[in-house]
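Asks: Please find one structure pasted underneath; my questions will follow.
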Amino acid sequence: MNPEDGLRVGLVGLGSLGIRLGREFHSHPDVELVAIADVNDESLAAAGRELGIPNASRYTSYRTMLDETALDAVGIATPNGLHYDQATTALESDLHVLCEKPLATTVEDAHDLVNRAEKSDRVTMLGYQRHLNPAFVAARERWALGDLEPTFITGEITHDWRHYYEEMTDWRMDPELSGGGHLLNVGTHIIDAILWTTGLTPTHVTATVEFHDDDQLFDKQSSIIVEFDGGAVANIADTGIVPRTREHIHIWDDDGAVYFEGREWDERTSYTIDADGIEHDPYPSEGESKAGAFVESIFEGTKPPSTARDAFWATVVTMAAYESGRRNERVELIDLYPSLAEVPR
């Protein structure tokens with residue numbers, strides 16, 4: 001596409017993630033945000049006023065928005081369980097897609113969506129924002145795209161979902177909309193970041209999962225060991241029942257380490273440790289916006305920073321952790337999901 005022609009974008013889902021994405025599109029010089037959709041009338045009206053979308057271009061039906069509006073691309077920021085249908089519908093409509101994580105709520109749907117995305121000439125990008133952070137990009141150049149091999153990996157994210165578990169009224173507690181608990185909704189960021197920066201291929205998962213419900217769907221917290229081809233091991237901890245949001249990812253190799261740290265939802269920062277144990281200054285943390293990276297990929301004809309295949313593998317490890325927790329045993333990924341052979345790292 002030619003930037004001079006502009007990019008006509010529709011947005012579905014106007015919660016906190018959706019309105020932030022809408023602001024990014026609205027402020028982008030090469031984008032015209034032409035339509036929005038949400039099932040909540042109040043959210044729709046408020047977003048319409050803020051983003052300058054006329055009443056006629058505000059929809060309570062995503063499919064109606066696609067049918068009635070001339071679009072080049074869509075942004076999807078709806079509950080997890082809607083991502084697969086909405087993304088596939090957009091691809092079938094020959095549209096570029098920017099979809100928030102996770103890719104889908106089952107490995108089977110995620111696999112199908114990878115196939116659709118990779119057969120299409122449209123851009124499909126996932127909303128894993130750590131792929132846009134310069135520190136994570138530098139780490140990927142060190143490992144996934146470089147010569148060093150990680151030897152010791154730890155990751156942790158904490159968050160306060162206690163009121164969701166107590167009230168069970170939010171969409172995150174609806175199995176059809178959520179597809180899982182805190183790990184799928186928030187912990188997936190840690191899993192994805194480790195997979196993307198290291199480029200390692202996971203082979204086995206062993207997890208202890210504290211579930212909130214009898215059906216063992218909504219996890220509250222978990223402790224996960226991920227084994228990789230080549231012998232590296234990652235220890236990942238996730239909890240949604242503590243009062244503060246904190247995050248860390250620490251990855252060591254023979255030359256030292258990179259430490260990523262996060263407080264609340266601010267940009268993640270990092271610093272390196274060399275082979276002598278000396279700490280060095282942090283990388284800059286300010287990265288490109290999701291909308292900006294998405295639009296650049298469309299206009300430049302390049303692969304987006306976070307692909308459907310990246311998101312597929314994060315989904316695989318997440319779902320394997322749930323299954324390991326239910327079985328209370330170590331699971332081999334290829335046994336659980338034979339289709340992995342069709343989507344190599």
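Asks: Once the principal axes of the Cα atoms of the stretch 30-92 are found, what is the range along each, listed largest first in whole angstroms?
Replies: On the principal axes, the stretch 30-92 reaches 29, 25, 20 Å in Cα extent.
Asks: Which distance in Å, rounded to a whole number, links the C-alpha centroids of the stretch 246-262 and the stretch 307-345?
Replies: 24 Å
Asks: While we're here: With N set to the residue count of the stretch 88-137, report its C-alpha Rg divided by 2.2 N^0.38 Å to two decimal places. Please list the in-between numbers first.
Replies: Working: Rg = 12.0 Å, N = 50, 2.2 N^0.38 = 9.7 Å.
For the stretch 88-137, the normalised Cα radius of gyration is 1.23.
Asks: If you don't mind, there's one more thing I want to ask. Counting each DSSP H run of 4 or more residues in the chain as -39500 (n - 2.57), what helix-only mean residue ellipticity at 222 nm follows after dividing by all residues, to the nearest 500 deg cm²/dmol?
Replies: Details: 12 runs with 121 residues, N = 345.
After summing the helix terms and dividing by residue count, I get -10500 deg cm²/dmol.
Asks: Taking θ = phi - 60°, what integer Hz values does the Karplus form 6.51 cos²θ - 1.76 cosθ + 1.60 yield along the stretch 55-61, in sequence order, with x for Gly and Pro?
Replies: Listing the rounded values in order: 3, 5, 10, 10, 10, 8, 10 Hz.
Asks: Right, another one. Please give every one of the lysines within straight-line cross-link reach of LYS290, meaning a C-alpha to C-alpha distance under 25 Å, and leave out same-chain neighbours fewer than 8 residues apart.
Replies: LYS101, LYS119, LYS303
Asks: Still on this structure, please answer the following. Going 7 Å from the Cα of ASP255 in the Cα-to-Cβ direction, what parts of the stretch 262-278 have a backbone nitrogen less than 19 Å from that spot?
Replies: Answer for this model: 270-278.
Asks: Same structure, new question: Suppose a student asked you for the relative contact order of the stretch 205-252, using Cα pairs under 8 Å spaced at least 6 residues apart; what percent would you report? Write down the numbers at each step before the final one.
Replies: Working: 60 pairs, mean separation 13.2, N = 48.
Relative contact order comes out at 28 percent.
Asks: Oh, and also: Quick one: which residues, 5+ away or cross-chain, put their amide H under 5 Å from the amide H of LYS101? H built at 1.01 Å from N.
Replies: For LYS101, whose amide H was placed from the backbone, the distant partners under 5 Å are GLY127.
Asks: While we're on this one: Once you keep just the Cα pairs under 8 angstrom separated by 6 or more residues, what percentage relative contact order results for the chain?
Replies: Details: 741 pairs, mean separation 63.7, N = 345.
That works out to 18 percent.
Asks: Also, quick follow-up: Expressed as an acute angle from 0 to 90° and rounded to the nearest 10, what is the orientation of the C-alpha long axis of helix 290-300 relative to the principal long axis of the chain?
Replies: Once rounded, the angle reads 80 degrees.
Asks: Compute log10 of I(q)/I(0) for the stretch 284-345 with the Debye formula, placing one identical point scatterer on every Cα and leaving out solvent, at q = 0.17 Å⁻¹, to two decimals.
Replies: -0.72
Asks: Modelled label-to-label distance, ILE241 and ILE273, 7 Å Cα→beta-carbon offset: nm?
Replies: 3.1 nm
Asks: Counting only Cα atoms, I'd like the Rg/Rh figure for the stretch 213-294, Kirkwood definition for Rh.
Replies: On the way: Rg = 16.5 Å, Rh = 15.7 Å.
Rg/Rh for the stretch 213-294 comes to 1.05.
Asks: Can you give me the convex hull volume of the Cα atoms of the stretch 166-208, divided per residue and expressed in Å³?
Replies: On the way: hull volume 4.4 nm³, N = 43.
Residue-normalised Cα hull volume stands at 101 Å³.
Asks: A further question follows. Taking every Cα atom in the stretch 191-341, find the radius of gyration and the maximum pairwise distance Dmax, and write them in Å.
Replies: So, for the stretch 191-341, Rg and Dmax equal 17.5, 50 Å respectively.
Asks: Among PHE294, PHE152, what's the order by accessible area (1.4 angstrom probe), most exposed first? Kindly include the intermediate steps, with their values, before the conclusion.
Replies: Working: PHE294 0, PHE152 105 Å².
The most accessible residue leads, giving PHE152, PHE294.
Asks: In 5 Å bins starting at zero, report the fraction of Cα pairs in the stretch 136-214 per bin as a rounded %.
Replies: Calculated over all Cα pairs of the stretch 136-214, the distribution is 3, 12, 20, 20, 14, 12, 10, 7, 3, 0 percent.
Asks: Now, a different point. GLY146: net charge of surrounding residues, Cβ under 15 Å, Lys/Arg +1, Asp/Glu -1, itself excluded? It would help to have the intermediate numbers written out before the result.
Replies: Working: positive: ARG140, ARG142; negative: GLU141, ASP147, GLU149, ASP253, ASP254, ASP255.
My count for the surroundings of GLY146 gives -4.
Asks: How large is log10 of I(q)/I(0) for the stretch 188-260 at q = 0.23, 0.28 Å⁻¹ when the intensity is taken from the Debye formula with one equal scatterer per alpha-carbon?
Replies: -1.16, -1.40
Asks: Based on a Kirkwood Rh over C-alpha pairs, give the Stokes-Einstein translational diffusion coefficient of the stretch 103-168 at 10 °C and viscosity 1.306 mPa s in µm²/s.
Replies: Values: Rh = 15.9 Å.
The calculation lands on 100 µm²/s.
Asks: Just read off the accessible area of ASP85 with the full protein assembly in place, 1.4 Å probe, to the nearest 10 Å².
Replies: 90 Å²
Asks: Next question. Consider all pairwise Cα distances in the stretch 152-275 and report the whole-number % of them above 25 Å. Working shown, then result.
Replies: Working: 2158 of 7626 pairs.
So the portion of pairs separated by more than 25 Å is 28 percent.
Asks: Report, please, the projected area of the chain averaged over directions, based on the convex hull of its C-alpha atoms, in nm². Write out the running numbers ahead of the final one.
Replies: On the way: hull surface 68.8 nm².
Answer in nm², one decimal: 17.2.
Asks: What does the convex hull of the alpha-carbon atoms of the stretch 1-53 project to on average, in nm²?
Replies: Numbers: hull surface 13.8 nm².
Projected over every direction and averaged, the Cα hull of the stretch 1-53 covers 3.4 nm².
Asks: Run the numbers on the stretch 32-184 and let me know its relative contact order in percent, using alpha-carbon pairs under 8 Å that are six or more apart. Provide the component values of the computation, followed by the final result.
Replies: Values: 169 pairs, mean separation 26.4, N = 153.
In percent, rounded to a whole number, it is 17.
Asks: Kindly identify the stretch 270-316 as rounded, prolate or oblate by the Cα gyration tensor criterion: order the square roots of the eigenvalues as a ≥ b ≥ c, call it rounded if a/c is under 1.5, otherwise compare a/b with b/c, prolate if a/b is larger, else oblate.
Replies: Details: a/c = 3.42, a/b = 1.78, b/c = 1.92.
Oblate, because a/c is 1.5 or more while a/b does not exceed b/c.
Asks: Regarding the stretch 1-154, what are the three Cα extents along the principal axes, ordered largest first, in Å?
Replies: The Cα atoms of the stretch 1-154 stretch 55, 33, 33 Å along the principal axes, largest first.
Asks: Averaged per residue, what accessible area in Å² does the chain show with a 1.4 Å probe, protein chains only?
Replies: Numbers: 15000 Å² over 345 residues.
Result: 43 Å² per residue.
The values are calculated or read from the model by the stated rules, or taken from the named source; none is laboratory data. The model shown is predicted, which means the values in this text are computed figures rather than measured ones. Every residue, glycine among them, receives a Cβ derived from its backbone with ideal geometry; neighbour counts consider all protein chains shown. Accessible surface areas use protein heavy atoms only, side chains included; no ligands, DNA or RNA. Shrake-Rupley method; radii C 1.70, N 1.55, O 1.52, S 1.80 Å.
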